[in-house]
Amino acid sequence: MSIRAAVMTEPDAPIEMWDLDDPILEPGSVLLETVASEVCGTDVHIHRGRLAGVPYPIVPGHVSVGRVIETAGVDRDALGAPLALGDAVTFYDVHEVCNACWHCLVARQPNRCPHRKVYGITYSAHDGPLGGWAERIYLKPGVKVFKIPEPLTTDDVIGGGCGLFTGFGAIERSDMAMGDIVLVQGSGPVGLSATAFAALRGAGTVIVIGAPAARLELAKVFGADVVLSVSDDSLERREHEVFGLTEGRGVDVIIEASGNPAAIPEGFKLLRDGGTYVIAGHYTDAGPVEINPHVDINRKHADVRGHWGTDFRHLARALKMCAKYPERLPFAKVIGGRYKIDDANQALEDVAALRVTKAIITP
């Protein structure tokens, strides 16, 4: 039996519908029936050729939820919870880190492992249904499966998608303290997640700069105290508002979640002396931007941190928090459009045009 899948054949080419062979399960593998897979901003960038090393053609969809329909000797999830046919699960999209190289063993940074693979991004469609824009997803031996905890629904998980885990990880990486004034640049899924977890961690004030207006309204739902529009409020007005809220000092912590290079100079301007700037939105190459190392970083004594990719702990801990605080982390509300596999081109177009905050493929 074949598996219908949406395939990105090359940059800027229309998505094609392919029939892939049903996989033969290896020992330790799992086969999922796809319930939903996100259409992420990263997918838009990959479609535009902005990420090196993508082995086109690919089956996109790096964060997905599904139901277990077959296993080959797997009866527990990655944390030991019983796993049965029909269970709703998600999985950690990063796979095949070697646990033997310098980055894995010495630096303890497996996200920089040269053997690292990512579902929906660095597996070829010729290797099988290794992305979520397909009727079924093959989880290779060793992929970390995570049973969705009660009372969460699949919409709660996929509504956050990879942005849920990236935003959680960015707040963790910032080391923000209770009472800090936190600025989030960007009101897409990563920005909304960072907003929610900053508020939940005890930020004194959370400011969000983003667009369009509907996303800024969502930011308020997720805990933003102040929202400013990148399209309707001038740079000067945004600067005036932020410095007015901080007695002229600037903010303690900034999470860049926009993916827009223009956000970076503004962020340095709004950061207080000695503040922390976490750049999490530039997973793909959106181009260079000019900064002044002396003025923006050195004299300011700024702590600048990159945040590229996530670890399994971000997935597990973020979903545990979502299960405990569903009213404060209502990620199902982020879903703005549901698309069948055949409508993947429209889904990409709508995400690129900011017509929806989160689009999902529901085969």
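Before moving on, here are some points about what is shown:
- Restricting attention to the stretch 233-274, the residues being part of a loop (DSSP other than H, G, I, E, B) and more than 25 Å from residue 40 (Cα to Cα) number 7.
- Test for residue 31: is it crowded, with 18+ Cβ neighbours inside 10 Å, out of contact with any Gly (no Cβ under 6 Å at 6 or more places or on another chain), assigned to a loop (DSSP other than H, G, I, E, B) and assigned by TED's automatic domain parsing to the domain that holds residue 122: no
- Qualifying positions in the stretch 237-260 - under 18 Å from the mean Cα position of the chain (by Cα) and surrounded by fewer than 20 Cβ atoms within 10 Å (Cβ to Cβ): 260
- Of the listed requirements (1) touching a strand residue (DSSP E or B) at 6+ places or on another chain (Cβ under 6 Å); (2) on the phi > 0 side of the Ramachandran plot, residue 263 misses just one: (2).
- Of the criteria (1) touching a His at 6+ places or on another chain (Cβ under 7 Å); (2) over 19 Å from residue 180 (Cβ atoms); (3) of a type outside the set (Gly, Ala, Ser); (4) surrounded by fewer than 16 Cβ atoms within 10 Å (Cβ to Cβ), which one residue 217 fails: (1)
- Screening 85, 51, 79 for residues that are at pLDDT below 95 and part of a loop (DSSP other than H, G, I, E, B) leaves exactly one candidate, 51.
- Selection count, the stretch 76-121, where residues are of a type in the set (A, V, I, L, M, F, W, C), without any contact (Cβ under 8 Å) to a residue 40 or more places away in the chain and more than 28 Å from residue 6 (Cβ to Cβ): 10
- Verdict on residue 276 being buried (at least 18 other Cβ atoms within 10 Å of the Cβ) and over 21 Å from residue 161 (Cβ atoms): yes
The values are calculated or read from the model by the stated rules, or taken from the named source; none is laboratory data. These numbers come from a predicted model, not from an experiment. Every residue, glycine as well, gets a Cβ built from its backbone with ideal geometry; the counts of neighbours run over all protein chains shown.
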